[in-house]
Amino acid sequence: MKVLIIGNGGREHAITWKVSQSPQVDAIYVAPGNAGTALEAKTQNVAIDVGDIPMLIQFVKDSAIDLTIIGPEAPLAAGIVDQFQQQGLAIFGPTQQAASLESSKAFCKDFMQKYDIPTATYQTFNDAAKAKAYLQQHNFPVVLKADGLAAGKGVIIAKSLEQANKTIDDMMSNRLFGKAGDSVVIEEFLKGEEASYIVMVDGENILPFASSQDHKARDNGDKGPNTGGMGAYSPAPVVTPELEQKILETVITPVIKGMKAEGHPYTGFLYAGLMISPSQEINVLEFNCRLGDPETQPLMMRLQSDLVTLCQQALARKLKQTNIEWDARTALGVVASADGYPFSYPKGDVINGLEEAIPQGKVFFAGIEKQQDQYVTSGGRVLCTCVLAENAAKAQKNVYQALNKVHFNGIYYRTDIGHRAIERETVRG
Ligand code: AMP
Ligand code: GLY
């Protein structure tokens with residue numbers, strides 16, 4: 001069979017790598033892909049933008065693609081699944097309405113309130129003056145979220161009234177995030193440890209993935225500005241079997257039932273970003289209607305089942321009778337980024353040492369382009385090096401050995417990815 005994968009990041013390289021191992025797949029196309037996807041067996045990149053839905057549909061028809069898998073949120077929010085379905089084309093992902101769980105924070109919060117899913121208390125505002133009046137009586141820190149998609153930059157944790165008011169001005173009056181900031185959710189600040197819980201859904205049934213955790217902050221010790229994610233690992237020891245049960249009962253199941261009741265049954269990957277308090281209370285920070293980046297990279301290294309079969313089972317609404325198997329070891333991935341990320345950064349720096357790093361783990365490419373015979377940087381997150389090892393401590397040691405071989409001007413990475421998992425291993429002995 002032939003598979004199309006949409007996207008061009010590290011997540012999509014990991015999906016491509018996994019799909020290329022499926023014996024039932026003869027050819028993989030990635031639109032637009034990156035220099036790493038082009039290296040995988042049976043795979044070629046096609047120069048179609050993720051947002052060009054008519055061209056993607058034309059390509060799928062012309063090339064007789066049997067299954068399309070989507071990486072990023074933007075095409076989902078634009079209704080790619082609805083449009084493929086109208087043409088009778090097989091695609092795994094949520095419809096535009098179902099993807100509102102990610103594409104509108106206000107919708108998501110109202111939905112959680114309606115279906116009694118635990119989340120921080122909040123209010124939504126369309127008017128800057130009213131938002132500021134509300135902030136007057138709020139405790140600090142407070143969390144301000146632009147309603148719409150803002151490439152992971154639309155959440156600000158304000159430590160003071162002054163900073164919160166400035167954020168309202170930036171979002172609502174100066175329209176820093178365009179129309180995404182016309183509505184703003186103001187919510188209570190939650191303390192605890194974050195975890196990512198990802199499942200596959202077929203409209204009705206849920207197939208849980210292994211737990212994972214990413215490090216969103218740029219610097220060691222989880223400090224510095226928020227990024228798309230600087231590294232991730234799976235499993236996340238904070239998610240104990242008891243907690244997992246609680247997540248399924250109090251979060252995932254009510255979401256799937258609720259979306260069905262709303263007339264928008266959910267099919268696709270569903271990612272719950274959770275805050276786990278010291279007393280094991282769960283609160284939902286956000287939902288994503290796709291796989292996480294970089295969580296996907298370690299998850300794909302651990303996944304032993306055939307990802308294509310899983311997607312087919314989901315489209316046939318058979319997830320209830322589907323098993324999923326994971327390597328028992330820990331997978332850990334570290335992102336190397338360009339100097340300046342998540343703000344402005346240079347491009348076009350030559351990358352050396354990939355051939356030495358690759359045998360020691362798996363290097364998933366993100367912002368990398370091939371120019372003549374050289375690999376050069378072309379994005380903020382450049383690559384994510386991943387390894388599998390018997391525990392998080394060993395995985396961390398090995399991943400940095402591999403990453404040490406890679407060089408480019410201004411290369412930056414955190415040196416403590418997995419620290420929470422390692423602390424727990426030490427405590428448990
Ligand atoms: P979101 O896109 O909603 O997940 O927010 C991005 C990041 O902001 C999260 O991963 C958290 O680190 C942080 N965050 C979001 N909401 C809250 C909250 N209510 N309390 C504390 N931190 C939050
Ligand atoms: N790693 C966070 C995300 O994919 O949104």
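The values are calculated or read from the model by the stated rules, or taken from the named source; none is laboratory data. Bear in mind that the values here come from a model prediction, so they are computed numbers and not experimental data. Note that we place each Cβ from the backbone using ideal geometry, even for glycine, and neighbour counts take in every protein chain shown. Side chains are part of the model used for accessible areas, which takes the heavy atoms of the whole protein and leaves out ligands, DNA and RNA. Shrake-Rupley method; radii C 1.70, N 1.55, O 1.52, S 1.80 Å.
Counting only lysines at least 8 places from Lys370 when in the same chain, those with an alpha carbon closer than 17 Å to its own are Lys347. Hydrophobic, long helices, defined as DSSP H runs whose alpha-carbon span along the helix axis is 30 Å or greater and whose mean Kyte-Doolittle value is at least -1.0, do not occur in the chain.
Taking all protein chains into account, the per residue accessible area for the chain stands at 41 Å² (1.4 Å probe). Met171 exposes around 0 Å² of accessible area when a 1.4 Å probe is run over every protein chain in place.
Could you work out [θ]222 nm for the chain from helices alone, using -39500 (n - 2.57) per DSSP H run of at least four and dividing by all its residues? Round to the nearest 500 deg cm²/dmol.
Numbers: 15 runs with 122 residues, N = 429.
Mean residue ellipticity at 222 nm (helix-derived): -7500 deg cm²/dmol.
For the range 160-293, the fraction of C-alpha pairs farther apart than 19 angstrom is 59 percent. Rg and Dmax over the alpha-carbon atoms of the range 67-160 stand at 16.7, 53 Å.
Rg to Rh for the range 220-276: what is it, with Cα atoms only and Rh by Kirkwood? Before the final figure, lay out each step's value.
Numbers: Rg = 14.9 Å, Rh = 14.0 Å.
Over the Cα atoms of the range 220-276, Rg/Rh equals 1.07.
Normalised by the number of residues in the chain, the average gap of Cα pairs under 8 Å and 6 or more apart makes the relative contact order 16 percent. Computed across the range 2-61, the Kirkwood hydrodynamic radius from all distinct Cα-Cα pairs reaches 11.2 Å.
Quote the Stokes-Einstein diffusion coefficient, in whole µm² s⁻¹, for the range 250-300, based on the Kirkwood radius over alpha carbon pairs, a temperature of 20 °C and a viscosity of 1.002 mPa s.
Details: Rh = 12.4 Å.
Result for D is 173 µm²/s.
Can you pull the percent of the chain's accessible area that's carbon plus sulfur, 1.4 Å probe, other chains left in place?
C and S atoms contribute 48 percent here.
So how many Å³ per residue does the convex hull of the Cα atoms of the range 1-142 work out to?
Roughly 164 Å³ of hull volume per residue.
Structural descriptor for the range 20-163: relative contact order 13 percent, calculated from alpha carbon pairs under 8 angstrom and at least 6 residues apart. Between the beta carbons of Lys42 and Ala133, assuming R0 = 45 Å, the FRET efficiency works out to 0.15 to the nearest 0.05.
Calculate how large, on average over all directions, the projected area of the Cα convex hull of the range 324-383 is; give the answer in nm² to one decimal. Mind dumping the intermediate values first?
Values: hull surface 22.6 nm².
Result: 5.6 nm².
Taking a 32 Å limit on the Cα-Cα distance, which of the listed pairs Lys61/Lys257; Lys109/Lys394; Lys105/Lys159 fall beyond it? Going by Cα-Cα distance, Lys61/Lys257; Lys109/Lys394 fall outside the 32 Å limit. Size descriptor for the chain, Kirkwood hydrodynamic radius: 22.0 Å (Cα pairs only, one decimal).
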